[in-house]
Amino acid sequence: MLTARTKTGKIICLGYDYKKETLLYFRSKEEFICPICGESVLLKLGDQRIFHFAHKQGSTCRDFYESESVYHMEGKRQLYQWLIRQKVPSVLEYYDREIQQRPDIMFKYNGKKYALEYQCSTLPEKVFIKRTQTYLENDYIPLWILSSTHIHQKRKDIVSLSNFHYLFLRTTTTGKFYIPAYCPDQHLFHLVESITSYSIKNAFIQHSLYPLEKTKLDGLLEPKMGNHLNLSSWNREIEKFNLNWTLHPGKGQKTFLYEIYNKNMNLFLLPPEIGLPVPHSILIQTSPVIWQTYLFLDVLANKNLDDLITLQEINMHFKKRISRKEIVLRKLPQLEGLNPLRAEMEYLMQLVQLGILTRKGETIFQMRRKIIIPKSNREREEAKLLFYKKNSHILFKS
Ligand SMILES: [Zn+2]
């Protein structure tokens, strides 16, 4: 840890750049105490490691706070210095006794209180969610920043994101999603933006790298981002993904395959209107191909021309699929309150733009054209080519 107090109550914060001689002098004069448990701690001034305080052997407090690596300490120190350089009121290793939580940095910005957690080790999902909820209930805005070492790029625009990564997902005030990461070795923010997931693990993304020195706090909290999803790459990956999981389907996927087989459908003969990317699809772990097929089977396929479709009807089927675990929602503790039904709504709006539905009211749609299921590969290919040629200007707009 980087903060301790002296017997007289003075706080020593190693977030500042002290010279080693100064600290050696302090150490010869003072005794240091852990501000949380009150036990005495040692000031470590080795040449290899970052200067820090450490509990003595056998302390019960140490397990909580000292499994932190040099990388972690260095990261939070840099982030702290970055904040105070911008004159943002910040406290390193702030201990909130009331909630018994200790964010790496607490800072105040635009009248709001933030709890910054720089996370280098993986944390059990339950602990992450509990901590985040406690922050939210106590008027903190949680700001979880992942260590960049956790981001594994598959290709330039595709990255593997686990459930753990998604815990870090936050949103700007304009409703764009991103995952913030930081690398203390390179002094670099690494933002994973424009996340459009097409399977549980894989997503199209955009990487943005911002040097710490040139970035303001606003650039981290409200990054400017566009949407760069490429139409043909999306289509190619979706097809590759479909092929992959039909070869090795999981339990939930078997249920899906069985159901569409019973309805005389085939995963490789899906119409191009099914499996489209929509922004809030990120709230749903199940692939867009699957949840949009369910929406088709549950509602759209049973409608004739001019029939009405209500959002309530769609919502009811959606909830039923969720309760049967045929559609799985993502755990996104920092985005509680966002309704996954928004993804369904965005999809309906796309169908409106594609001329399949018309909107009759806030939550009412009317069937204008049926979605045609291709009967052969050739039909499917033809339909796809025509579809993308005609509609690329309306799809993928953010
Ligand atoms: Zn302690």
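The values are calculated or read from the model by the stated rules, or taken from the named source; none is laboratory data. Remember, predicted model here, so these are calculated numbers, not experimental data. With ideal geometry, Cβ positions are generated from the backbone for all residues, glycine too; neighbour counts draw on all protein chains shown. For accessibility, only protein heavy atoms count, side chains too; no ligands or nucleic acids. Shrake-Rupley method; radii C 1.70, N 1.55, O 1.52, S 1.80 Å.
Among the residues of region 70-84, are any in a loop (DSSP other than H, G, I, E, B), of a type outside the set (Val, Ile, Thr) and within 16 Å of the ligand (Cβ to nearest atom)? No, because not a single residue in region 70-84 is in a loop (DSSP other than H, G, I, E, B), of a type outside the set (Val, Ile, Thr) and within 16 Å of the ligand (Cβ to nearest atom).
Checking the structure you have, find out if any residue of region 122-139 is at pLDDT 95 or above, in a strand (DSSP E or B) and not acidic (Asp, Glu). No, because not a single residue in region 122-139 is at pLDDT 95 or above, in a strand (DSSP E or B) and not acidic (Asp, Glu). The set of residues in region 341-373 that are touching a Lys or Arg at 6+ places or on another chain (Cβ under 7 Å) and touching a residue at least 24 places away in the same chain (Cβ under 8 Å) comprises Ile356, Leu357, Phe365, Gln366, Met367. Residue count for region 220-248 under the criterion of being assigned to a loop (DSSP other than H, G, I, E, B) and open to solvent by 40 Å² or more (accessible area, probe 1.4 Å): the result is 6. Of all the listed residues (Glu336, Glu326, Glu313), the sole one being among the acidic types (Asp, Glu), at negative phi and within 21 Å of the chain's Cα centre (by Cα) is Glu336.
Conditions tested, residue by residue: (1) hydrophobic (A, V, I, L, M, F, W, C); (2) over 18 Å from Lys76 (Cα atoms).
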residue	(1), (2)
Ile105	yes, no
Asn110	no, yes
Tyr118	no, no
Glu125	no, yes
Ser160	no, yes
Leu191	yes, no
Ala203	yes, yes
Lys216	no, no
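Need a quick list: strands (runs of 3 or more DSSP E) entirely within region 1-55 having at least 1 residues that are surrounded by 16 or more Cβ atoms within 10 Å (Cβ to Cβ) and within 14 Å of the ligand (Cβ to nearest atom).
Numbers: elements: 3-6, 11-13, 40-44, 52-55.
Of the strands (runs of 3 or more DSSP E) lying wholly inside region 1-55, those with at least 1 residues that are surrounded by 16 or more Cβ atoms within 10 Å (Cβ to Cβ) and within 14 Å of the ligand (Cβ to nearest atom) span 3-6, 40-44, 52-55.
Taking region 280-314 on its own, how many of its residues are over 17 Å from Ile372 (Cβ atoms) and open to solvent by 40 Å² or more (accessible area, probe 1.4 Å)? Total satisfying the criteria: 5.
Conditions (1) in the same structural domain as Tyr210 (by TED's automatic domain parsing); (2) touching a residue at least 60 places away in the same chain (Cβ under 8 Å), marked per residue:
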position: Leu24; (1), (2): no, no
position: Ile36; (1), (2): no, yes
position: Cys61; (1), (2): no, no
position: Glu93; (1), (2): yes, yes
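Name the strands (runs of 3 or more DSSP E) wholly within region 143-192 that hold at least 1 residues that are open to solvent by 30 Å² or more (accessible area, probe 1.4 Å)?
Values: elements: 153-155, 158-160, 177-183.
So the answer is 153-155, 158-160.
Condition test on Lys263, is it in contact with a helix residue (DSSP H, G or I) (Cβ under 8 Å, 6 or more places away or on another chain) and open to solvent by 70 Å² or more (accessible area, probe 1.4 Å)? Can you show your working first?
On the way: in contact with a helix residue (DSSP H, G or I) (Cβ under 8 Å, 6 or more places away or on another chain): yes; open to solvent by 70 Å² or more (accessible area, probe 1.4 Å): yes.
The answer is yes for Lys263.
Criterion first (in the same structural domain as Asn202 (by TED's automatic domain parsing) and modelled with pLDDT of 95 or more) does Leu143 satisfy it? If you could, list the steps in order and put the result at the bottom.
Working: in the same structural domain as Asn202 (by TED's automatic domain parsing): yes; modelled with pLDDT of 95 or more: yes.
Yes.
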